[in-house]
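Read the structure below first, then the notes.
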Amino acid sequence: MKRIGVLTSGGDSPGMNAAVRAVVRKAIYHNLEIYGIYHGYQGLIDGEIKKLELGSVGDIIHRGGTMLYSARCPEFKTEEGQLKGIEQLKKHGIEGLVVIGGDGSYRGAKALTERGFPCVGVPGTIDNDIPGTEFTIGFDTALNTVIDAIDKIRDTATSHERTYIIEVMGRDAGDIALWAGLAGGAETILIPEDKSNMDDIVSRLKRGHERGKKHSIIIVAEGVGSGVDFARKIEEMTSFETRVTVLGHTQRGGSPTASDRVLASRLGALAVELLIENKGGRAVGIVQNRLVNYDIIEALAQPHTLDMKMYQLSQELSI
Ligand code: ADP
């Protein structure tokens, strides 16, 4: 391969820039030409493609977001959209593509691979929900954002003796809620993988109250339901004053942590190595601190699994 491309797609995550930087520098290190595709698959269809140099990725390792921009592109789910994308890649002489994004973006990479165009997926999402890797780029930064919020809310919760609900991202995966809840010492963690009922939640709160607890922090992953609805129900079922904070898109931003920058650098570089070896149709990841690569099509067929032992631990530590 002489010329490869890189794009970022779907929900952005802190560390995507560090991954783009790694792809660009690793490619140039190995004498490849590297092209940036702007605005994800939409930009691919529209031909927003520019050659990148070493200096194009200077001063971005510490920045959140993505210098290549991101987009959602429904047209890319169609055969017509995918063929237009391949046409653009061929027009620019690009022979392989690194796709940095979440599981939706992986489906796009899988579609290109199935049409004969080699792609490698790099897991860039705060949700930590990509099968085959223990961690995704951006998860650690998002966790630290949530923990910072929990610590601050804990201060005010203590002063006012209230119950606080913090709603975090995670439509289908409870990783952010679980890890942040464990690290932040939350009393209750509500995750999509284990739908607790209101009676459980209220009896936990009451048990704590009887033990003399004056305040309580509940972390709700958005996939379980709205924090506002939970607060209303808690107030209906108890006498506890309850407040809600929805962290929303603050979780997507910010300067990536050291851990995310290192992960992004390692995974971005590995993706280029695979393309150099002509290994398309792969996804890269990390398992027990070792870099791995695996078939992107098989990976997408697997469910994401949450560490249920850790969930159990979170419950044991917050009795
Ligand atoms: P994420 O990558 O963060 O999960 P999305 O689910 O929005 O974000 O997916 C990002 C983009 O990937 C979509 O807008 C679309 O262009 C592309 N994509 C998603 N699913 C498919 C699919 N089944 N086939 C082809 N492209 C897809």
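The values are calculated or read from the model by the stated rules, or taken from the named source; none is laboratory data. Please read all numbers here as calculations on a predicted model, not as lab measurements. Ideal geometry is used to build each Cβ from the backbone, glycine not excepted, and the neighbour counts take in all protein chains shown. Surface areas here come from the heavy atoms of the whole protein model, side chains and all, with no ligands, DNA or RNA. Shrake-Rupley method; radii C 1.70, N 1.55, O 1.52, S 1.80 Å.
Points to keep in mind about this one:
- Filter result (in a loop (DSSP other than H, G, I, E, B) and buried (at least 24 other Cβ atoms within 10 Å of the Cβ)) within the range 107-132: T125, I126, D127, N128, I130
- Every pair of residues 6+ apart whose Cβ atoms lie under 7 Å, when the first sits in the range 57-82 and is in a helix (DSSP H, G or I) while the second is more than 16 Å from the ligand (Cβ to nearest atom): V57/R21; V57/V24; V57/R25
- Identity of the residue in the range 173-187, open to solvent by 10 Å² or more (accessible area, probe 1.4 Å) and assigned to a loop (DSSP other than H, G, I, E, B), that ends up nearest to I219 (Cα to Cα): E187
- Where G104 falls short, out of the listed (1) surrounded by fewer than 21 Cβ atoms within 10 Å (Cβ to Cβ); (2) in a strand (DSSP E or B): (2)
- Taken over the range 198-242, the residue count meeting the criterion of being within 15 Å of Q315 (Cα to Cα), among the polar types (S, T, N, Q) and free of Cβ contacts under 8 Å to residues at least 40 places away in the same chain is 1.
- The set of residues in the range 280-290 being open to solvent by 40 Å² or more (accessible area, probe 1.4 Å) and touching a strand residue (DSSP E or B) at 6+ places or on another chain (Cβ under 7 Å) consists of R282 alone.
- Flag for G93 being under 16 Å from the mean Cα position of the chain (by Cα) and away from the ligand (no atom under 12 Å from the Cβ): no
- Top-ranked residue in the range 8-53 [being touching a Phe, Trp or Tyr at 6+ places or on another chain (Cβ under 7 Å) and assigned to a strand (DSSP E or B); ranked as most open to solvent (accessible area, probe 1.4 Å)]: K50
- Condition check for K309: over 24 Å from D172 (Cα atoms) and surrounded by fewer than 16 Cβ atoms within 10 Å (Cβ to Cβ): no
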